[in-house]
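What follows is a short report on a single structure.
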Amino acid sequence: MNIKENLLEIKSTLPESVTLVAVSKTKPVSDLMEAYEAGQRIFGENKIQEMEEKFNEMPKDIQWHMIGHVQTNKVKFMAPFVSLVHGVDSLKLLKEINKQALKNNRVIDCLLQIHIAEEETKFGLDDTELEEILELAKNENFNNVKIVGLMGMATFTENQNQIKKEFLHLKSIFDKNQSLNTQNCKLNALSMGMSGDYQLAIECGSTMVRIGSSIFGTRN
C-alpha cells in the first residue's frame, strides 16, 4: 500500500480548482505523515477526539477538516484549531460553533450540509432550513463563523444516474445562493464526492472532494 503513490496519482487527475481533503479517520499518525511528506496538508476526520489527538502530535501547518456529524457538546474541543467544519446541519450547531469560536478569538469556516440523498440516515438541511439559516446569517451577529459553501452526500448506491441527479440538485442550490455576499456568508466551496464517485462529482461542479480509502486503503 503506497500512500504517496496513491496520493500523487489522485492529485494528477484533479483539476486545479478542486481541493483534496485526505480522509484520515481511523488511520494512524504514521500513515498521515506519509501523506504529509508527499505534500498533503488538508486532512479530514470524523471524530473530534481523534482529530484533536492528531492535531497535538502533527505539524502545525495542517488544515484539519471536521467531516463527520458534529454533536454540539463536542464543538469546544475542536474550536481552537479546526479549519473547516463540513457538516453544519442545524442552526443550533452553527450557533454553538459561533459561540466557541468567539471564546477562542477565531472565525471558523463552515459548510452547510444539505440533505440530498434518498436515505433517511444521512444528515442535512432541507430547503426551508437552509433559507432560514442564510437569512439569519445575513441579519444576525454571527461574527465568528463564516459560511463558505455547501456540502452533500449522495445516496449509497451503484446507480450513477441517481448519484448524478443528487449532485446536480446540490449544484443548483449552490448556484442559486452564489450571489449572497455578506461579512459572514459567501459560498465559494462545494464539497461533494468521495473515493467512489469523486470524478462524477467534479463533472457536476464539485470544488472539494473527500478521499480516504483510495489514498490510505480500506478501513478496518
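Contact map, region 155-183: residues that are modelled with pLDDT under 95 paired with residues that are among the aromatic types (Phe, Trp, Tyr), Cβ distance under 9 Å, separation 6+ or inter-chain. Pairs shown: Gln183/Phe142. Of the residues examined, Ser195 is one that is closer than 26 Å to Leu7 by Cα, modelled with pLDDT under 95 and out of contact with any Lys or Arg (no Cβ under 7 Å at 6 or more places or on another chain).
Collect the residues in region 109-141 that are modelled with pLDDT of 90 or more, crowded, with 18+ Cβ neighbours inside 10 Å and within 17 Å of Glu96 (Cβ to Cβ), keeping them in residue-number order. Within region 109-141, Asp109, Cys110, Leu111, Leu112, Gln113, Leu125, Ile133 meet the criteria. The number of residues in region 109-131 that are under 23 Å from Gln63 (Cα atoms) and either in contact with a Ser or Thr (Cβ under 8 Å, 6 or more places away or on another chain) or of a type in the set (D, E, K, R) (or both) comes to 2. Restricting attention to region 183-214, which residues are under 19 Å from Thr26 (Cα atoms) and of a type in the set (S, T, N, Q)? Within region 183-214, Ser195, Ser213, Ser214 qualify. Residues that are polar (S, T, N, Q), surrounded by fewer than 20 Cβ atoms within 10 Å (Cβ to Cβ) and in a loop (DSSP other than H, G, I, E, B) within region 171-220 comprise Asn177, Gln178, Ser179, Asn181, Gln183, Asn184, Ser195, Thr207, Thr218, Asn220, listed in sequence order.
Restricting attention to region 1-44, the residues that are touching a Ser or Thr at 6+ places or on another chain (Cβ under 8 Å) and loosely packed, with under 14 Cβ neighbours inside 10 Å add up to 1.
The values are calculated or read from the model by the stated rules, or taken from the named source; none is laboratory data. Nothing here was measured: the structure is a model prediction, and the numbers come from that model. Virtual Cβ from ideal backbone geometry, glycine too; neighbours counted across all protein chains shown.
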